[in-house]
1. Across the stretch 149-185, which residue is most open to solvent (accessible area, probe 1.4 Å) among those that are free of Cβ contacts under 8 Å to residues at least 60 places away in the same chain and in a helix (DSSP H, G or I)?
2. Could you please find all residues in the stretch 92-119 being outside any loop (DSSP other than H, G, I, E, B) and in contact with a Cys (Cβ under 9 Å, 6 or more places away or on another chain)?
3. State all residues of the stretch 71-90 that are open to solvent by 20 Å² or more (accessible area, probe 1.4 Å) and within 20 Å of the chain's Cα centre (by Cα); if no residue qualifies, say none.
4. Pairs needed: first member in the stretch 135-147, of a type in the set (Phe, Trp, Tyr); second member anywhere, open to solvent by 20 Å² or more (accessible area, probe 1.4 Å); C-beta distance under 7 Å; at least 6 residues apart or different chains.
5. Which one of 32, 95 is acidic (Asp, Glu), within 30 Å of residue 235 (Cα to Cα) and either open to solvent by 10 Å² or more (accessible area, probe 1.4 Å) or touching a helix residue (DSSP H, G or I) at 6+ places or on another chain (Cβ under 8 Å) (or both)?
6. Can you find a residue that is open to solvent by less than 20 Å² (accessible area, probe 1.4 Å), modelled with pLDDT of 95 or more and aliphatic (A, V, I, L, M) anywhere in the stretch 186-204?
7. Within the stretch 6-18, can one find any residue that is open to solvent by less than 20 Å² (accessible area, probe 1.4 Å), out of contact with any Ser or Thr (no Cβ under 7 Å at 6 or more places or on another chain) and part of a strand (DSSP E or B)?
8. State all residues of the stretch 231-260 that are hydrophobic (A, V, I, L, M, F, W, C), in a helix (DSSP H, G or I) and either in contact with a Ser or Thr (Cβ under 9 Å, 6 or more places away or on another chain) or over 15 Å from residue 182 (Cα atoms) (or both); if no residue qualifies, say none.
Amino acid sequence: MKRGLVLEGGAMRGMFSAGVMDVLMEQGITFDAAVGVSAGAVFGCNYKSKQIGRTIRYNMKYIKDPQYCSLRSLIKTGDMFGRDFCYNKIPNELDVFDNDTFKENPMEFFVVATDINTGKAVYKKIDSADEEGLMYMRASASMPLVSTPVEVQGKTLLDGGIASSIPLEFFINKGFDKNLVILTQAKGYIKKKNSLIPLMKLKLKKFPKLVEAMANRHILYNNQVKYAEEMEQKGKALIIRPKEKLPIGRLEKNPETLKAVYDLGREETIKNLDRIKEYLN
């Protein structure tokens with residue numbers, strides 16, 4: 001039996017997932033591999049490094065810092081989330097990421113990004129949170145229009161959620177037969193077509209495959225939710241998600257709101273703990 005952890009993105013909705021993961025780590029629950037998309041990638045890496053509480057800690061502390069996320073950063077650098085602050089200063093100086101534990105932990109860790117030339121998903125196994133590993137994580141979380149594309153290993157990448165928001169099928173195809181899937185939208189949520197597609201067609205006209213993927217993203221997302229629910233019925237997945245729409249914005253700046261959503265993730269996991277343990281074991 002191979003056990004997988006699948007982490008949806010959703011920007012600051014990822015605080016829900018952070019709460020889920022911290023309870024799982026506190027309970028000593030392990031997986032053979034995890035795959036994260038966008039926020040699921042940059043927050044999920046802390047599962048492999050075994051750093052309980054790190055995600056909520058540094059987000060609450062720095063969310064109001066303009067170096068972390070701001071319009072000023074977008075204007076100055078092309079990135080809403082400050083590249084150097086988020087992917088250098090925080091992990092290397094301010095709230096140090098335990099890369100030694102990350103490398104020693106046998107759990108595999110994959111991130112998902114989107115190739116802007118093909119519009120297809122790129123699945124990358126990360127063995128170390130070195131410069132290259134962090135670039136792939138940054139690529140996975142680089143949202144269109146508010147991020148510069150990331151150049152790494154000959155690829156040009158953006159947000160993994162464009163091409164694969166819930167990469168459960170990727171894990172099932174790799175032989176993972178027990179998968180805990182953490183979603184950040186409530187049951188019944190239906191994604192609608194992005195209203196910014198006309199702007200994307202203008203700004204990203206050099207990348208027609210990417211624009212096409214963005215235009216069809218709502219269809220792919222809704223199909224992936226349906227697939228996850230079907231796999232749950234077959235015993236190949238167990239879904240943990242909010243009971244109702246999370247009271248948080250994608251670019252939330254209020255630390256107390258982050259904590260409230262994190263606590264919702266903890267509460268939902270504690271409530272379902274016996275069911276999770278029974279399923280995985």
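1. Among those that are free of Cβ contacts under 8 Å to residues at least 60 places away in the same chain and in a helix (DSSP H, G or I), it is 173.
2. Across the stretch 92-119, the qualifying residues are 102, 109, 111.
3. 80, 81, 83, 84, 86, 87, 88, listed by residue number.
4. 136/124
5. 32
6. Yes, there is a match, as at least one residue in the stretch 186-204 is open to solvent by less than 20 Å² (accessible area, probe 1.4 Å), modelled with pLDDT of 95 or more and aliphatic (A, V, I, L, M).
7. Yes, some residue in the stretch 6-18 is open to solvent by less than 20 Å² (accessible area, probe 1.4 Å), out of contact with any Ser or Thr (no Cβ under 7 Å at 6 or more places or on another chain) and part of a strand (DSSP E or B).
8. Once the filter is applied, which keeps residues that are hydrophobic (A, V, I, L, M, F, W, C), in a helix (DSSP H, G or I) and either in contact with a Ser or Thr (Cβ under 9 Å, 6 or more places away or on another chain) or over 15 Å from residue 182 (Cα atoms) (or both), the stretch 231-260 yields 258, 260.
The values are calculated or read from the model by the stated rules, or taken from the named source; none is laboratory data. This structure is a prediction, so every number in the text was calculated from the model and none was measured. All Cβ positions, even for glycine, are placed from backbone atoms using ideal geometry, and neighbour counts span all protein chains on display. Accessible surface areas use protein heavy atoms only, side chains included; no ligands, DNA or RNA. Shrake-Rupley method; radii C 1.70, N 1.55, O 1.52, S 1.80 Å.
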